[in-house]
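The values are calculated or read from the model by the stated rules, or taken from the named source; none is laboratory data. All figures in this text were calculated on a predicted structure; none of them were measured in a lab. All Cβ positions, even for glycine, are placed from backbone atoms using ideal geometry, and neighbour counts span all protein chains on display. Protein only, heavy atoms only, side chains kept; ligands, DNA and RNA dropped before computing areas. Shrake-Rupley method; radii C 1.70, N 1.55, O 1.52, S 1.80 Å.
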Amino acid sequence: MSEPSRVVCPLCPLHCDDVVVNMDGSVQANGCEIVESTGSLMNRVARADKATLAQIAAGEQPIRVITSGVDLVAARQLVQWQSDGAIEVEIETDPSVQAIGTVTRRDGIVAATLSEVVTHADLVWLIGEVDPAWPRLEEKLRLESAGSSASVGKRQVKRWERWTADFAGRMHHAIEHPEANEEGSEFQTRANHFRDSQYAAIVIGPGAFDTDEAEMTAAMVARITRRRNESARCVCVTLDPAATLRSVHAWRTNESLSPMMSDSEVDSTPVIRLVGIGHRTSGDRSVDLQIGGHDPGVELVKAFLPASPWTNSMVIRGDGSVTLPLHVPDALPVESPTAIEQLKMVLTE
């Protein structure tokens, strides 16, 4: 009888390396809800007949493939198909994560790895839906014992659900001009903590900024970070689910991947969603075919094919710091097709 397997998680950009897969297919990762729902993905039922798949494959070329992120093997195949003109790959990403990435590529920023934050940071600001998107991040940063605003040892921790552009501007002004702060205000308190720190880390999660002003707010966060580095250390950290795909695409084409187009920009080209790293179900757009994940129903997906999240491959962690191996757990008795294998079947129909 198989023994439990200890593997790297393929589901979120944190890619924890201590996930246990039991011989019955159940998964354990210190209470992580994302990981523990993995077992049900293996038992999903296809909702797609051959005629529907053939119609999608025969549609206007290139077929649009949208994904939040994939492993190395899948990334290489997607980039090759795109180079061959069979598909057009787009990144389905959170606007806040996209915004901080855009600002970083345009203006530059001071970043850090998760291990550097754990080792050095005496102040951590968490902005956005950090816990729902990356349930074990605070555990890995050793912040799990702190409330919304508290200290862990000598480290100050503050959590915000969201920053607006106005809030970011006022926070920047409070940091730069302490004499102008209202006595006892939140801006004064947070600015004082920030100025007193020797190593501050600003963690940007999904939903950190209002969508309509995400890039403007991200630019202000980048400015706060850069200005602080004139006198002390300050870093900005996020986890990009598409880190592997972006890297492979850049290596192969020397170009950046495009973000997913809005509904108003979409024509009659078939759209296939490839569910991979860091996929979020809220607010999903309608597509012709979804491969992998949970079937959201006919209202959003015309056809559905299940896929195993487990694969033999590699990934770059979302902070871009390390490359980790992915393995199909020995404890799983049945090998199901991966999302990229299912997509290959559709494209060759």
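Structure above, values below:
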| item | result |
| --- | --- |
| Pick from the range 209-244, criterion out of contact with any helix residue (DSSP H, G or I) (no Cβ under 8 Å at 6 or more places or on another chain) and among the acidic types (Asp, Glu), ranking: surrounded by the most Cβ atoms within 10 Å (Cβ to Cβ) | 212 |
| Elements of type strands (runs of 3 or more DSSP E) contained in the range 1-76, each with 3 or more residues being under 30 Å from residue 349 (Cβ atoms) | 63-67 |
| Test result for residue 71, among the charged types (D, E, K, R), crowded, with 22+ Cβ neighbours inside 10 Å and in the same structural domain as residue 303 (by the TED database) | yes |
| Lone qualifier among 191, 214, 219 - being in contact with a Pro (Cβ under 7 Å, 6 or more places away or on another chain), farther than 17 Å from residue 112 by Cβ, of a type outside the set (Asp, Glu) and at pLDDT 95 or above | 214 |
| Any pair with Cβ under 6 angstrom, 6 or more apart, that starts in the range 305-329 at a residue that is under 29 Å from residue 346 (Cα atoms) and part of a loop (DSSP other than H, G, I, E, B) and ends at one that is open to solvent by 40 Å² or more (accessible area, probe 1.4 Å) and of a type in the set (Val, Ile, Thr) | 310/328; 312/328 |
| Matching residues, the range 103-130, being touching a residue at least 24 places away in the same chain (Cβ under 8 Å) and in a helix (DSSP H, G or I) | 103, 104, 105, 107, 114, 115, 116, 117, 118, 120, 130 |
| Residue 145 vs. criteria of a type in the set (S, T, N, Q), at pLDDT below 90 and within 30 Å of the chain's Cα centre (by Cα) | yes |
| Within the range 322-349, considering residues that are surrounded by fewer than 16 Cβ atoms within 10 Å (Cβ to Cβ) and hydroxyl-bearing (Ser, Thr, Tyr), the one nearest to residue 38 (Cα to Cα) | 323 |
| Any chance residue 85 is outside the structural domain of residue 164 (by the TED database), free of Cβ contacts under 8 Å to residues at least 60 places away in the same chain, in a loop (DSSP other than H, G, I, E, B) and open to solvent by 20 Å² or more (accessible area, probe 1.4 Å) | yes |
| Among residues of the range 222-271, those that are assigned to a helix (DSSP H, G or I) and at pLDDT 85 or above, counted | 18 |
| Residue in the range 304-311 that is modelled with pLDDT under 95 and surrounded by fewer than 16 Cβ atoms within 10 Å (Cβ to Cβ) present | no |
